[in-house]
Amino acid sequence: MTASTLTPPLEFDSPETVLNALRGRGLRVSTARRLVVHSLFAAECPVSAEEIATGLGGRATPVDLTSVYRNLEKLEEIGVVRHVHAGHAPGRYVLSGAGEREYLACDRCGVLIEADSRDLDRVRAEVRSRFGLEPRFTHFPIVGQCGGCAGAGGRR
């Protein structure tokens, strides 16, 4: 099982803030690293390394996939991004500057839905009460079928 990193998130509000934080830690800001950071800011939701490498459907500059993975690993290590495992889909990456996010994922179509953590408090309380476990849905979301897939009888 993959363990989520517990590095506290960096506080940032722009690509330049992240790049300055990298420089402040003595890390080189290569072209590939700069492009990955800008891609993460351009993304409207958690994205896979492959989506970043291919340029987010024209919203960003394409980058070599190996460089994307290497940079995402470093960015996660220092608290800039978190990754989420959404069902059978590849891991997805999201900026961590806005705080921890929790998710629900459709295991048919792959949609990832961000949930306000307060909306999951009753679920969390039930799991805590019945099993003695304090659940988090940040790294591994709650998985099921979205309304569209469930309404289609799972025939997508």
Give the value in nm², to one decimal: projected area of the alpha carbon convex hull of region 46-94, averaged over all directions.
3.3
At q = 0.15, 0.16, 0.19 Å⁻¹, what log₁₀ I(q)/I(0) does a Debye calculation on the Cα points of region 63-121 give, no solvent, two decimals?
-0.53, -0.59, -0.79
Binned at 5 Å from 0, what are the whole-percent values of the Cα-Cα distance distribution for region 50-156, short to long?
2, 11, 16, 18, 20, 16, 9, 5, 2, 0
Using only alpha-carbon positions, what ratio does the radius of gyration of region 105-156 give when scaled by 2.2 N^0.38 Å?
1.31
Rounded to the nearest 10 Å², what accessible area does CYS109 have for a 1.4 Å probe in the complete protein model?
70
Tilt relative to the chain, helix 31-42 - C-alpha long axis, 0 to 90 degrees, to 10
40
Using Cα-Cα distances under 8 Å and only pairs 6 or more residues apart, what relative contact order does region 5-156 have, in percent?
20
From zero outward in steps of 5 Å, how is the percent of C-alpha pairs of region 8-79 spread across the bins?
3, 18, 31, 27, 16, 5, 0
Non-local amide H neighbours of ALA86 (under 5 Å, H modeled in plane, Pro and chain starts lacking H): which ones?
ARG92
Within the accessible area of the chain (1.4 Å probe), percent carbon and sulfur
51
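How large is the accessible surface per residue of the chain, computed with a 1.4 Å probe and reported in Å² as a whole number?
On a per-residue basis, the chain sits at 57 Å².
The values are calculated or read from the model by the stated rules, or taken from the named source; none is laboratory data. Computed from a predicted structure; not experimentally measured. Ligands, DNA and RNA are stripped out before the accessible areas are found, and what is left, the full protein with its side chains, is counted by its heavy atoms. Shrake-Rupley method; radii C 1.70, N 1.55, O 1.52, S 1.80 Å.
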